[in-house]
Amino acid sequence: MKIAGFTFVRNAITYDYPVVQAIQSILPICDYFVVAVGKSDDATLALIQSIADPKIHIIETVWDDSLREGGRVLAVETDKAFQAIPAEYDWCFYIQGDECVHENDLPAVRRAMEKWLDDPETDGLLFDYRHFYGSYDFVGVNRRWYRREIRVVRNNKHIYSYRDAQGFRKDNNEKLRVRKADAYIHHYGWVRNPGVQQKKQLHFKKLYLSDEEALRFVGTAEAFAYDGSQPLMKFEGTHPSVILPRIEAQNWHFTSDPTKVRWPLKERLSNWVEKLTGWRPGEYRNYILLKG
């Protein structure tokens, strides 16, 4: 069994993406790794080159910033990396530039790959998510956060990145059939210094909206106002070892006040149903989950 990793990135330094840590978090189980590095306004290319691992293969790309409908450019860049993976690799492990996998979860991912390697019904593997918000101490728990997504797919070039690169589909817009991997993605996209986060939000919205619309949406504040009154849970687990130096260097303060949390009635009912049955009413699923 041969495993390839893949990701894409642009302007990682300017917007403080932990892309090096993202790559390093899954590199131990990868035999090959493709990084599509978009032409950047900073030293992102040199940053990726500094990893200096022979498994890593860089392709340099140019983003088409006119592809703003639904953030389509993100999927196009994902596909460039995926298509560059040679045919000899069986599984393709996708990681975005603000995601990490805990080293303790890697054996379970490999076991799932081995278990379903020869099962033609299985297109990929589904991961649970922890979405950190405001700081490395809190995880979002309301319905704005997706709880699962595909991060491992077969090396089948009929598979493609869907919409704004959150998940995948096959030819004819067919959902992938997937199995659960007993592993988590740690998503750190909402953990940055507030000043950098505000700049990142404006840049990110410009991938979907016109410059004027993005500015109206994000506003002109110098710092992002993290909302400590939204439903958050204190994280009691451990972070991937690759991200620990970033956590130690955190230079802002964020707190959440559970007494001020706003839970809409609809979400309270949904939480009650999920707690009783394990089913989340109205959940968006860009996949078909197979048993086993």
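The values are calculated or read from the model by the stated rules, or taken from the named source; none is laboratory data. What you see is a predicted model; the values in this text were computed from it and never measured. Cβ placement follows ideal geometry from the backbone for every residue including glycine, while neighbour counts extend to all protein chains displayed.
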I need the full set of residues from region 61-96 which are under 10 Å from A4 (Cα atoms) and of a type in the set (F, W, Y), in order please. F82, Y89, W91, F93, Y94
Assess whether E77 counts as being touching a residue at least 40 places away in the same chain (Cβ under 8 Å), of a type in the set (D, E) and buried (at least 18 other Cβ atoms within 10 Å of the Cβ). yes
Within region 135-143, can one find any residue that is of a type in the set (S, T, N, Q) and either farther than 30 Å from E88 by Cα or part of a helix (DSSP H, G or I) (or both)? yes
Filtered residues of region 237-283 (kept if within 23 Å of the chain's Cα centre (by Cα), surrounded by 15 or more Cβ atoms within 10 Å (Cβ to Cβ) and modelled with pLDDT under 70): R280
Kindly evaluate R154 against the criterion of being over 12 Å from the mean Cα position of the chain (by Cα), of a type outside the set (G, A, S) and at pLDDT 95 or above. yes
Of all residues being among the basic types (K, R) and over 24 Å from V139 (Cα atoms) in region 182-235, which is surrounded by the most Cβ atoms within 10 Å (Cβ to Cβ)? Just the residue, please. K206
What pairs can you find where one residue is in region 206-219 and over 20 Å from D64 (Cα atoms), the other is assigned to a loop (DSSP other than H, G, I, E, B), and their Cβ atoms are less than 7 Å apart, with a gap of 6+ or different chains? F217/L209
Do the conditions hold for E103, that is, is it touching a Pro at 6+ places or on another chain (Cβ under 9 Å), surrounded by 14 or more Cβ atoms within 10 Å (Cβ to Cβ) and among the charged types (D, E, K, R)? yes
Out of (1) within 15 Å of G97 (Cα to Cα); (2) buried (at least 18 other Cβ atoms within 10 Å of the Cβ), the one I3 does not meet is (1)
D90 more than 16 Å from the chain's Cα centre (by Cα), surrounded by fewer than 17 Cβ atoms within 10 Å (Cβ to Cβ) and more than 20 Å from I26 (Cα to Cα): no
Given the conditions (1) modelled with pLDDT of 95 or more; (2) over 21 Å from T78 (Cβ atoms); (3) not β-branched (V, I, T), and given that K234 satisfies all but one, which numbered condition is not satisfied? (1)
Among the residues of region 43-70 satisfying the criterion of being closer than 16 Å to F204 by Cα and out of contact with any Gly (no Cβ under 6 Å at 6 or more places or on another chain), which is surrounded by the fewest Cβ atoms within 10 Å (Cβ to Cβ)? S66
